[in-house]
Amino acid sequence: MDYSTYPRNDVLCIDMRSFYASVEAVKRGLDPMKTMLAVVGDLNRPGSIVLAASPALKEKYGISNVSRYFELPDDPNIHIVPARMADYLHVSLEITKLINNYAPKEAIHQYSVDEVWITVNGLGRLFGNRREIAEKIKNEILDNFGLTASIGIGDNKFLAKVVMDLHAKKEGIAECKYEDVKAKLWPFPIEKIWGIGSRMKRNLNRMGIITLGQLARYDLNQLKKRFGIMGEQLYWHAWGIDLSPVYGDFTKTEQKGFGHGISLLRDYSKEEVATCILDLCEEVCRRARTANQVGKTISLGISYSSETGGGFSRSMSIDRPTNVTMDMHEICMQLFRKFYDGRSNIRHVYVTLGNLYDYGDIQLDLFENRLKKNNIGFVMDAIRDKYGATSILRASSYTEAGILLERSRKIGGHQA
């Protein structure tokens, strides 16, 4: 591979080791790397997921982020704590502010609450070469927050991310240039590579592709024929080539639709689920109104409990785009009545509003007072913005089937 025609950038991928667990350990004056600590979504539910396990807990008992609360060993040395999402978001924002001391905002791409890319091109005179910058950031994060970071350094985002996953989590800081790909990446199984999930792994394994090196040597035309554009991307990634932008406004994305869903803590009946759907529609339409958008396609997804399995996901398009809660709710209930099979063990509900248009582009119906219906929604939104999300709710939200009161206390589905 001739790499001379491909751009070389100085990109760091920074990952906070066991972020939630580390934050909780520091709050308690404990060493995040030596303390056995588990962050649990809901301590009142034995089946609740372990959101984060400290490195020591992972090493001794094999606890991972897909383990359940009831699977934690009965060891008095294990600290079991509830999730506090607001704390994690606050620390994440403060770390990003620290990184902003090294690079401008357009060079920082926040990938998740605990992972960020930073492009450090041209900063040599200020802070040293890219490895020296990585060391400075790593030390500052440890000194200011007591948290340990793993940092991958690469010629592009892909290389920085993958070398961080494969090497930096053991070494602290690891670097991969184009010329290092064969030695540092090719020997690893494809499932260890960022962007290759379990389904893609099975498909590639059936083709005799086990390692990244085998993927790189595979015929490009065959990969494109089998997987389309994804096959071509896999091939170039196997050679360490990634043309993703390293500068830009990474917070601005095109909105394809508005969706909201919930995994219910108990079985819901037919009568109860109508209230749940109404609460979800309320939130979806509120977000659409805030963005001054309306949608023509409304979708409803229903899943039953794992004991019986099954469910359905159906959509309906309407003539006039809307962001009115009751309009969306009526369509969702039409879908529900048509495809619901009568079971009373509904455990997951999801609604979406898609096929979006700008609100200013729609025409009002002369024979229906749609303006009044829209204004009611905007007034309710204004009250919530000023006095809080639960300052004005529909009466049904206060029943046992309502979900908005409980969700208002959470961030990302977990306790704030």
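The values are calculated or read from the model by the stated rules, or taken from the named source; none is laboratory data. All values reported here derive from a predicted model rather than from experimental measurement. Cβ: placed from backbone, ideal geometry, glycine included. Neighbour counts: every protein chain shown. Just so you know, the surface numbers come from the protein's heavy atoms only, side chains and all, with ligands and any DNA or RNA stripped out. Shrake-Rupley method; radii C 1.70, N 1.55, O 1.52, S 1.80 Å.
Figures for the structure shown
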item	result
Where a residue in the stretch 377-390 is without any contact (Cβ under 8 Å) to a residue 60 or more places away in the chain and its partner, wherever it lies, is open to solvent by less than 70 Å² (accessible area, probe 1.4 Å) and assigned to a helix (DSSP H, G or I), with Cβ under 7 Å and at least six apart	T390/L404; T390/L405
For T211: the one exception among (1) hydroxyl-bearing (S, T, Y); (2) under 26 Å from the mean Cα position of the chain (by Cα); (3) within 24 Å of Y3 (Cβ to Cβ)	(2)
Any hit, the stretch 210-220, residues being open to solvent by 30 Å² or more (accessible area, probe 1.4 Å), closer than 23 Å to V162 by Cα and touching a residue at least 60 places away in the same chain (Cβ under 8 Å)	no
Unmet criterion (only one of (1) modelled with pLDDT under 95; (2) surrounded by 15 or more Cβ atoms within 10 Å (Cβ to Cβ); (3) of a type in the set (D, E, K, R)) for D2	(2)
Tally of residues being on the phi > 0 side of the Ramachandran plot and outside any loop (DSSP other than H, G, I, E, B) across the stretch 36-71	0
Failed item, numbered, when W194 is tested on (1) in contact with a helix residue (DSSP H, G or I) (Cβ under 6 Å, 6 or more places away or on another chain); (2) part of a helix (DSSP H, G or I); (3) open to solvent by 60 Å² or more (accessible area, probe 1.4 Å)	(2)
Residue, farthest from L166 (Cα to Cα), within the stretch 1-24, restricted to residues that are without any contact (Cβ under 8 Å) to a residue 60 or more places away in the chain and in contact with a Pro (Cβ under 9 Å, 6 or more places away or on another chain)	A21
Members of the stretch 277-292 found to be under 15 Å from Y357 (Cβ atoms) and open to solvent by less than 30 Å² (accessible area, probe 1.4 Å), listed by number	C285, A288, R289
Those residues of the stretch 297-347 which are part of a strand (DSSP E or B), touching a strand residue (DSSP E or B) at 6+ places or on another chain (Cβ under 7 Å) and exposed (fewer than 15 other Cβ atoms within 10 Å of the Cβ), in sequence order	S313, S315, M316, S317
Residues within the stretch 102-135 that are part of a helix (DSSP H, G or I) and in contact with a helix residue (DSSP H, G or I) (Cβ under 6 Å, 6 or more places away or on another chain), tallied	2
Checking D242 against (1) in a loop (DSSP other than H, G, I, E, B); (2) closer than 28 Å to S4 by Cα; (3) of a type in the set (D, E, K, R); (4) open to solvent by 40 Å² or more (accessible area, probe 1.4 Å), the condition it does not meet	(4)
Top-ranked residue of the stretch 76-101 - restricted to ones that are of a type in the set (S, T, N, Q) and either part of a helix (DSSP H, G or I) or touching a Ser or Thr at 6+ places or on another chain (Cβ under 7 Å) (or both), ranked as surrounded by the most Cβ atoms within 10 Å (Cβ to Cβ)	S92
Residues of the stretch 265-297 classified as β-branched (V, I, T) and in contact with a Leu (Cβ under 6 Å, 6 or more places away or on another chain), total	1
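Let's see how each residue does on (1) hydroxyl-bearing (S, T, Y); (2) in contact with a strand residue (DSSP E or B) (Cβ under 8 Å, 6 or more places away or on another chain); (3) within 30 Å of N139 (Cβ to Cβ):
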| site | (1), (2), (3) |
| --- | --- |
| N9 | no, yes, yes |
| N44 | no, no, no |
| E59 | no, no, yes |
| P73 | no, no, no |
| P82 | no, yes, no |
| L89 | no, yes, yes |
